[in-house]
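Inspection log for the structure reproduced underneath, given as structure tokens.
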Amino acid sequence: MNTKKIKSILSLCMLIVFITIGAQVKPTIYVLATGGTIAGTGKSSTTSAYKAGSISVEQLLDAVPDLATVANIKSEQIANIGSQDMNFQVWLKLVKRINELSKDPNINGFVITHGTDTQDETAYFLNLTAKTSKPIVLVGAMRPSTALSADGPRNLFNAVACAASPESIAKGVMVVMDDKIIGADDISKTNTLSVGSFDNPNFGPLGIMYNGKPIYTRTSKKKNTIDAEFDVTKLDKLPRVDIILGYVNTDKVFVDAALNAGAKGLVYAGVGNGNMSGEVLNALSQSVKKGIPVVRSSRLPAGPTCQWDEIDDDAHNFSASWYLTPQRSRILLMLALTKTTDYREIQRMFTEY
Ligand code: GLU
């Protein structure tokens, strides 16, 4: 073998060594795909009609080759649905899989691709049930993958970069959309179309993604993940909790309907600071007396639903949701009901989570 050949074999070996070492130092992020607009395709790049959950996780990842610069990626398709069809079966499958995978020391964080309609709910459910301090980041897109200026690829890159950063450890579950990092304990979809739809209307995002790195400006004080007291590992269903909306001239028809449907708890999305008509107040008070707990929340987009405001919660044994929206209140109440029906204990949870 001549010197030239030996040199080129040596350079090839060094390249392989560098690639291997490089691959080892990069964090490994596990992407769990559930569908949504980020995996949606339409016939045209300029009109809005499309079908959510059409492309596979492999196709999604292939569209963003830059991911390889920040992490080694492993992936798995958990579901491929529009998130209006998200359900407890998928939630339990997802959280059990995360809890299992998080024990693997070679996995550094998780990214979950998800439709945006119920992304806030899945994020909050995982925030209370995932047993790991490794970063868990949900991501979606407001525009399908075939649209002009699709937001999915950038959001996915940012989500993976966020999950890959050691700064994202023990921050609770987060959602990364439109360069914002938003904590799952207070996140809302605020606009049906805008790419900037996701926000924390009370306190703003935890930080932003900038040049592929998170810049955090605050941390949530709410309990989450490994500090949360809920364990769903042995559950195959969750207790039924219904949300009832307050408006002018309300009667107790929907309270009765929910109880007849077998609700084990009720969330009232009241007017203003969780207020309700006299007829509804009486019906909800009766519900508590029958052993079906009631949480007062608000139909407003921001602000707390406070204990002891116009309604004396202790007089009716109600709990107040504070900063949780009716959707998130429902999730916390479902999990609370796996442990207790005592309104004081439920109120404690609504203060801590
Ligand atoms: N309804 C779809 C979903 O939630 C579209 C919303 C989206 O992903 O942006 O999956």
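The values are calculated or read from the model by the stated rules, or taken from the named source; none is laboratory data. Predicted model, so just to flag it, every value in this text is computed and none were measured. All Cβ positions, even for glycine, are placed from backbone atoms using ideal geometry, and neighbour counts span all protein chains on display.
Quick check: is even one residue across the stretch 235-248 more than 22 Å from residue 86 (Cα to Cα) and either in a strand (DSSP E or B) or in contact with an Asp or Glu (Cβ under 9 Å, 6 or more places away or on another chain) (or both)? So far as the stretch 235-248 goes, no, none of its residues is more than 22 Å from residue 86 (Cα to Cα) and either in a strand (DSSP E or B) or in contact with an Asp or Glu (Cβ under 9 Å, 6 or more places away or on another chain) (or both). For the stretch 303-353, residues that are of a type in the set (D, E, K, R) and in contact with a Cys (Cβ under 7 Å, 6 or more places away or on another chain) total 0. What is the one condition in (1) under 26 Å from residue 229 (Cα atoms); (2) within 12 Å of the ligand (Cβ to nearest atom) that residue 117 does not satisfy? For residue 117, the exception is condition (1). When we screen 38, 29 for residues that are modelled with pLDDT of 95 or more, surrounded by 10 or more Cβ atoms within 10 Å (Cβ to Cβ), within 21 Å of the chain's Cα centre (by Cα) and within 30 Å of residue 102 (Cβ to Cβ), the only hit is 29. Within the stretch 30-58, residues that are under 18 Å from residue 117 (Cβ atoms) and in a strand (DSSP E or B) sit with their Cβ atoms under 8 Å from residues that are more than 11 Å from the ligand (Cβ to nearest atom) and at pLDDT below 70, at 6+ positions apart or across chains, in these pairs: 51/41; 51/42.
Here residue 307 passes the criteria (1) of a type in the set (S, T, N, Q); (2) over 21 Å from residue 188 (Cα atoms); (3) at pLDDT 95 or above except the one numbered (3). The one condition from (1) surrounded by fewer than 17 Cβ atoms within 10 Å (Cβ to Cβ); (2) within 16 Å of the ligand (Cβ to nearest atom) that residue 66 does not meet is (2).
Do we find a residue being surrounded by fewer than 17 Cβ atoms within 10 Å (Cβ to Cβ), away from the ligand (no atom under 13 Å from the Cβ) and not hydroxyl-bearing (Ser, Thr, Tyr) anywhere in the stretch 69-76? So far as the stretch 69-76 goes, yes, one or more of its residues are surrounded by fewer than 17 Cβ atoms within 10 Å (Cβ to Cβ), away from the ligand (no atom under 13 Å from the Cβ) and not hydroxyl-bearing (Ser, Thr, Tyr).
To keep it simple, each residue is scored yes or no on (1) touching a Leu at 6+ places or on another chain (Cβ under 9 Å); (2) farther than 22 Å from residue 199 by Cβ; (3) modelled with pLDDT under 95.
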site	(1), (2), (3)
271	yes, yes, no
276	yes, yes, no
297	yes, no, no
319	yes, yes, no
326	yes, no, no
339	no, yes, no
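Checked across the stretch 91-110, the condition of being within 16 Å of the ligand (Cβ to nearest atom), buried (at least 24 other Cβ atoms within 10 Å of the Cβ), closer than 20 Å to residue 206 by Cα and not charged (D, E, K, R) holds for no residue.
Candidates 123, 79: the one that is within 16 Å of the ligand (Cβ to nearest atom), over 21 Å from residue 162 (Cα atoms) and modelled with pLDDT of 95 or more is 79. As for the stretch 342-353, it holds at least one residue that is of a type in the set (Asp, Glu), in a helix (DSSP H, G or I) and within 20 Å of the chain's Cα centre (by Cα). Among the residues of the stretch 126-136 satisfying the criterion of being closer than 17 Å to residue 169 by Cβ and of a type outside the set (Lys, Arg), which is farthest from the ligand (Cβ to nearest atom)? For the stretch 126-136, the residue satisfying everything is 133. Within the stretch 66-87, residues that are farther than 16 Å from residue 138 by Cβ and part of a helix (DSSP H, G or I) sit with their Cβ atoms under 9 Å from residues that are charged (D, E, K, R) and more than 10 Å from the ligand (Cβ to nearest atom), at 6+ positions apart or across chains, in these pairs: 68/26; 69/26. Checking each residue of the stretch 230-245 against the condition of being touching a Ser or Thr at 6+ places or on another chain (Cβ under 6 Å), touching a residue at least 40 places away in the same chain (Cβ under 8 Å) and among the hydrophobic types (A, V, I, L, M, F, W, C) gives at least one match.
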